[in-house]
1. Do you know which residues across the range 270-280 are surrounded by fewer than 21 Cβ atoms within 10 Å (Cβ to Cβ) and at pLDDT below 90?
2. Go through the range 67-78 and report how many residues are open to solvent by 40 Å² or more (accessible area, probe 1.4 Å) and either part of a loop (DSSP other than H, G, I, E, B) or small (Gly, Ala, Ser) (or both).
3. Just checking, how many residues over the range 197-230 are touching a Leu at 6+ places or on another chain (Cβ under 8 Å) and among the charged types (D, E, K, R)?
4. Quick one: what pairs do we get from the range 219-234, first residue within 23 Å of GLU248 (Cα to Cα), second basic (Lys, Arg) and open to solvent by 30 Å² or more (accessible area, probe 1.4 Å), C-beta under 6 Å, 6+ apart or different chains?
5. Give the residue that is surrounded by the most Cβ atoms within 10 Å (Cβ to Cβ), with candidates limited to residues of the range 285-298 that are of a type outside the set (A, V, I, L, M) and within 16 Å of PRO361 (Cα to Cα).
6. Limited to the range 115-148, what total is found for residues that are over 19 Å from LYS81 (Cα atoms) and open to solvent by 40 Å² or more (accessible area, probe 1.4 Å)?
7. Being within 22 Å of SER323 (Cα to Cα) and touching a strand residue (DSSP E or B) at 6+ places or on another chain (Cβ under 7 Å): is that true of GLY108 here?
8. One residue is enough: does the range 162-175 have a residue meeting the conditions within 20 Å of the chain's Cα centre (by Cα), closer than 30 Å to ALA59 by Cα and not aliphatic (A, V, I, L, M)?
Amino acid sequence: MLERIDANDGDVAKVSPGDYRRIVDLCYQCKLCFNHCPYTPPHRFDIDFPRLMLRSKAARARLEGVTRQDRWLGNPDAVGKVGCATAPLSNWANDFKPARMVLEAAVGIARDRTLPRFHHKTFARWFRERPAKPAQPRRTAMFFTCFINYNEPQVGRDAVAVLEHNGCSVECPPQVCCGMPYLDAGDIAGATANARRNLDALAPLVAAGADVIVPQPTCSYVLKKEYPDLVPGEESKRVAARTFDLFEYLVGRHREGALVTDFPGKGPGRIAYHVPCHLRAQNMGFKTRDVLQLIPGTKIALVERCTAMDGTWGMKKEYYPLSLTLARRVAQEMEASKPDTYMTDCSLAALQVQDVRGEKPAHPASLLREAYGLRAEH
């Protein structure tokens, strides 16, 4: 935006409508400008640039409709159900170049983008079928996220193992996507409908004393920051106040003296840790680092760069090359620390790094489960 203003001798009135549209299109909602801008609330200017971009997308969607590309990417539950029901055939198709060319032509997903794998046994199915566990002192409700449900169920299983090892009973209420992909498309009605469904499931558990635990940063951000605006009222505020990122919650357990710090398993050694933007946007510090540094022999190098994935933005054929330019900087900085292990809390950021390096970073829940010496459940 500043480049466009400077090109017109500082006269913002000369910035063209096409320039404004391009600015909105290039915003991938990392949210970090809100943290860094000096004019955010409670400043008298009250500039919330990420929300301004969302509002612009919403206005465009209302006038022009939601594109076919955004409708497809905005509903990961529909795509995930089909992908998991047909796995491993769906995974074969995603690796088959002619099929990817058709997918790119039909809905604009970049043909060279590595796509997440589908699993026939979803996380939700695994949780329903596992044997009942004894009640624990602390009650938690896991918002396990659509990505973990359909694409990375092992991360969800590892998060459950870690929570139960630390004295928590885990419940997994019925849920749908948090709604962020709808927001990316400017589909406020779709995002609000998902928010209402999730609040209907989570609010009674919160009222009964449960904390909501989220192992993916974008989804914890949405529950905390977006739901009170999408569905105003005390219910959404209560759920937001009791929602925690997984490692934010574990740090709280440590402060209470209730976190298990006996680590008989294998430690991860030196870690290059990509800190997801949507964790940084929550202004909570580096909770994942704080927990994993309790493992003997663990040293962590922080990488605070954006991978430019944003769930849907980096999937699109028109932005995929640009997203990789930013992801390469992340990978280079991670490699510079010469780590034993690459790690990020965001599974979509991990997909970006995988596209650049050919190797997917681990989720910290999996590393912690291994350090506890807990068996991986399947």
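1. ARG280
2. Number of matching residues: 3.
3. 1
4. Close Cβ pairs (under 6 Å, with a partner that is basic (Lys, Arg) and open to solvent by 30 Å² or more (accessible area, probe 1.4 Å)) amount to PRO228/LYS237.
5. This residue is THR288.
6. The number of residues fulfilling the criteria is 9.
7. Judged against the criteria, GLY108 is a match.
8. yes
The values are calculated or read from the model by the stated rules, or taken from the named source; none is laboratory data. In this text the structure is predicted, and so the values were computed from the model without any measurement. Using ideal geometry, Cβ is built from the backbone for each residue, glycine included, and neighbour counts are taken over all protein chains shown. Keep in mind that these areas ignore ligands, DNA and RNA; they rest on the heavy atoms of the full protein, side chains included. Shrake-Rupley method; radii C 1.70, N 1.55, O 1.52, S 1.80 Å.
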